[in-house]
Amino acid sequence: MLSAPRFSISTTNEYPISAVVSHDGLSRRIGLPRHSFIAGQTIPATLVVTNEDKRSFDLARYCQMNDNPIVLTNREISAGVQAVSDLMCHPLHVVLHPGLNWIRFSIPTTYPSCAEMPPASSDTPLCLSGNQMPPFPPGHYKTGWTGLGLPVPPPVSVTLVASQIAREAAAPELPDSCTTIPVTGPVSATPTFPTGFRVLDALPDALAAQYPTVYGGIMVAPATSGESGVEVNSHFIVLETTRDPSLEAEATAAYGPPLTVAFKLSPRSWSCLEDVQASVERATGALKEEGITMIGDGIRMPNVVVEVTACKSPNRRAAVAWFDRRWGDSVRVTTCAKIPSTF
C-alpha cells in the first residue's frame with residue numbers, strides 16, 4: 001500500500017504569509033506580496049509546500065473533486081458571494097516534487113455576479129459600465145480554505161482599499177526582490193575564503209550571491225563591557241529573512257576564532273535593500289518635479305532600511321509622504337527645509 005507523503009514548511013518570517021499547521025505529515029502556507037490591495041484588483045498568491053519524501057505526488061489525489069479551496073471573505077460578505085481563487089482541486093493536477101514547490105494562483109476581489117438593472121441586493125450589486133463585476137467594499141478580509149486535503153492554518157489578513165484613493169492608500173510598489181518568498185540553500189558553490197580578518201571583506205559578497213532571498217546583511221554585535229577595541233570588532237551578527245542552516249554553517253565556518261558570529265531574523269534581504277536604494281536613486285527626475293532635493297542615501301543597519309536625507313521647502317511632510325507612497329517603511333527619510341551650505 002502506498003504510504004502518505006510527508007510535507008513540511010520552513011520557518012515563517014515578516015512577510016504576509018499564513019502560519020503553518022501540520023497534520024498527518026501534511027503542512028503548507030499561503031504567501032502574498034503585501035497586505036493591502038485595491039478593491040477590484042486580482043491578488044497574486046503562492047501556495048508553498050515542501051515535500052520531504054523522496055517521491056513525487058499529485059496534489060489532486062489528496063483533495064475532493066470540484067473543491068474551490070481558497071476564498072476571500074469577511075463578516076459582511078456572505079458565503080454565497082465569497083471571492084473564489086483560480087486554484088481549484090479539479091481538474092488541477094499539481095505534481096509535488098521532492099523539496100520546495102511553489103504553486104502560483106490568484107484571488108479576485110470582485111463580486112462573482114452582478115445585476116444588469118434594478119433591483120439589486122447586497123449579495124448581487126449593480127454591474128459597472130460594460131457589465132463589469134463591482135469590487136468588494138473596502139475593509140479587512142481574510143483568506144479561507146475549503147479543500148485540497150491539506151490542514152487549515154490561520155488565515156492571511158488582507159486589506160482592500162477604495163480604488164478612488166488608491167494612489168494615496170495602496171501599498172508601495174516594491175522591487176520583486178522585496179516580495180519574493182525566501183528560499184533556503186545556496187544557489188551557487190561556496191567559494192574559498194581568505195584567512196584571518198581578510199574574510200570580513202569576502203564573506204558579505206559571497207553570502208549575498210549564494211543566498212539572495214535569505215541573506216540580510218552583517219553588522220558588528222553590541223559591545224561587551226571590558227573588551228578591547230579589537231575584541232569589540234570581532235563579534236558579528238548575520239541577518240536572515242528566514243533561518244537557513246546552510247548559510248549559518250558557512251558563516252560560522254568562515255568566521256573562525258578569534259571572530260564570532262550570531263544570527264538574527266530580518267524583514268528584508270540585502271538584495272531587496274540594494275534594489276530599493278537603486279530605485280530611489282533612479283527617481284531623481286521625479287524628485288525634482290516635486291521640488292525635493294535628495295542630499296544622500298544609504299543602507300542602514302541594524303534598522304534594515306534605506307536611509308535618505310532630502311530637503312523640501314516649505315513642506316517637509318510632503319517629502320516624507322512622497323517617499324512613503326513609493327517605498328513604504330523600507331525607506332526612512334530625514335528632512336530639511338534648506339539645503340545645508342556644506343552640500
Nitroxide proxy distance, nm - points 7 Å out along Cα→Cβ at Met219 and Ala321: 3.1
Mind ordering 188-199, 100-111, 249-260 by average Cβ neighbours within 10 Å, highest first? 100-111, 249-260, 188-199
Where a Cα-Cα gap under 16 Å defines reach, which lysines qualify for Lys338, not counting those fewer than 8 residues away within the same chain? Lys288, Lys312
Report the trypsin sites (Lys or Arg not before Pro) located in the range 277-343 that are in a DSSP loop and have at most 16 other Cβ atoms inside 10 Å of their Cβ, or state none. Lys338
Starting from the amide H of Ile43, placed 1.01 Å from N in the peptide plane, find each other amide H under 5 Å away whose residue is 5 or more places distant or on another chain. Ile107, Thr109
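Quick note: the coordinates plus some simple rules give every number you see, no bench work behind them. In this text, all values refer to a predicted model and were calculated from it rather than measured experimentally. A quick note on method: Cβ atoms are made from the backbone with ideal geometry, for glycine too, and the neighbour counts reach across all protein chains shown.
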